[in-house]
Amino acid sequence: MLVLKDKAEVLATNGMVFRSERTAVEAPSVVRLRYFVHVPYRAQAPLTRRAVFARDGWTCQYCGAPAENLDHVIPRSKGGEHTWENVVAACRRCNSKKENRRPEDAGLRLARRPTAPPDGFLLSLGRLEPEWEPFLTRSS
């Protein structure tokens, strides 16, 4: 809609075309706004299932297998909170093995300590389309 209303311009497309009775528009993949739109600052990325999987590389933080579940390192029933520092991606096997216990009590060890991600925007995207790369800067 922003492109059709001339509020944004298309910088890259994904090859698809939207057609109507009178016009055809290439589906934008990257757009540039013609004027600044204020976006409220968020101190921390929202804690979502997709964001946790992206932060952890879609791998189990206990064994490295493909992740299918979220796990609270310290179970909520034992006082653990639903925060970035206490939620990790886990495979079904490790999640079932751990159950309602701490990792050390279940004989499991975290690959790395979970932390809040520094870049919530990139994380919320999940995966980057190749045509987005030139427009995004990454901090190491």
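Coordinate-derived values only; no laboratory data. From a predicted model like this one, the values you see are computed outputs, not experimental measurements. Neighbour counts run over all protein chains shown; Cβ positions are idealised from the backbone, glycine included.
Search the structure for amide H atoms under 5 Å from the amide H of Val3, placed 1.01 Å from N in the peptide plane, and list their residues when 5 or more places away or on another chain.
So Val3 has HN proximity to Ala8.
Can you pull out the GluC sites (Glu not before Pro) in the range 1-91 that DSSP calls coil and that have at most 12 other Cβ atoms within 10 Å? Walk me through the numbers on the way to the answer.
Values: sites: Glu9, Glu21, Glu26, Glu68, Glu81, Glu85; in loops: Glu21, Glu68, Glu81.
Loop-located and lightly packed - Glu21, Glu81.
Mind putting a number on the dipole of the chain about its Cα centre? Charges go on the C-beta only, +1 for Lys and Arg and -1 for Asp and Glu, and I need it in Debye to the nearest 20.
400 debye
For Asp105, Asp6, what's the fewest-to-most ordering of other Cβ within 10 Å of each Cβ? Walk me through the intermediate numbers first.
Working: Asp105 11, Asp6 8.
Listing Asp105, Asp6 from fewest to most nearby Cβ atoms yields Asp6, Asp105.
Which three lengths, in whole Å and largest first, does the chain cover when its Cα atoms are put on their principal axes?
64, 29, 29
Report, by chain and number, residues whose modeled amide H sits under 5 Å from the one on Val31, excluding near sequence neighbours (fewer than 5 apart, same chain).
Leu11
How charged is the neighbourhood of Cys94? Take every other residue with its Cβ under 11 Å from the Cβ of Cys94, and add Lys/Arg as +1 and Asp/Glu as -1.
Around Cys94, the surrounding residues sum to +2.
For Lys78, what charge total do you get from the other residues with a beta carbon under 9 Å from its beta carbon, if Lys and Arg give +1 and Asp and Glu give -1?
Values: positive: Arg76, Arg101, Arg102; negative: none.
Net of charged neighbours comes to +3.
Given labels modelled 7 Å from the Cα in the Cβ direction, how far is it in nm from Asn100 to Met1?
Placing both labels 7 Å along Cα→Cβ, they lie 4.7 nm apart.
Work from the charge dipole of the chain (Cβ charges, +1 for Lys and Arg, -1 for Asp and Glu, about the Cα centre) and give the residue of Gly64, Pro40, Val17 farthest towards its positive end.
Value computed over the given set: Gly64.
Hey, how many Å between the Cα centroid of the range 1-27 and the Cα centroid of the range 90-104?
Each part's Cα centre sits 47 Å from the other's.
Viscosity 1.567 mPa s, temperature 4 °C: what is the translational diffusion coefficient of the range 49-106 from Stokes-Einstein with a Kirkwood Rh over Cα pairs, rounded to a whole number of µm²/s?
Values: Rh = 11.1 Å.
Once the numbers are plugged in, D ends up at 117 µm²/s.
With +1 on each Lys and Arg Cβ and -1 on each Asp and Glu Cβ, and nothing else charged, work out how big the dipole of the range 49-106 is about its Cα centre, in Debye to the nearest 20.
Working: 11 positive and 8 negative charges, 33 e Å.
I would put it at about 160 debye.
Using a Gaussian network for the chain with springs between C-alpha atoms less than 10 Å apart, which of these wobbles most: Gly15, Gly57, Gly80?
Gly15
Relative contact order of the chain: what whole-number percent is it, with Cα pairs under 8 angstrom and at least 6 residues apart?
On the way: 190 pairs, mean separation 29.1, N = 140.
The value is 21 percent.
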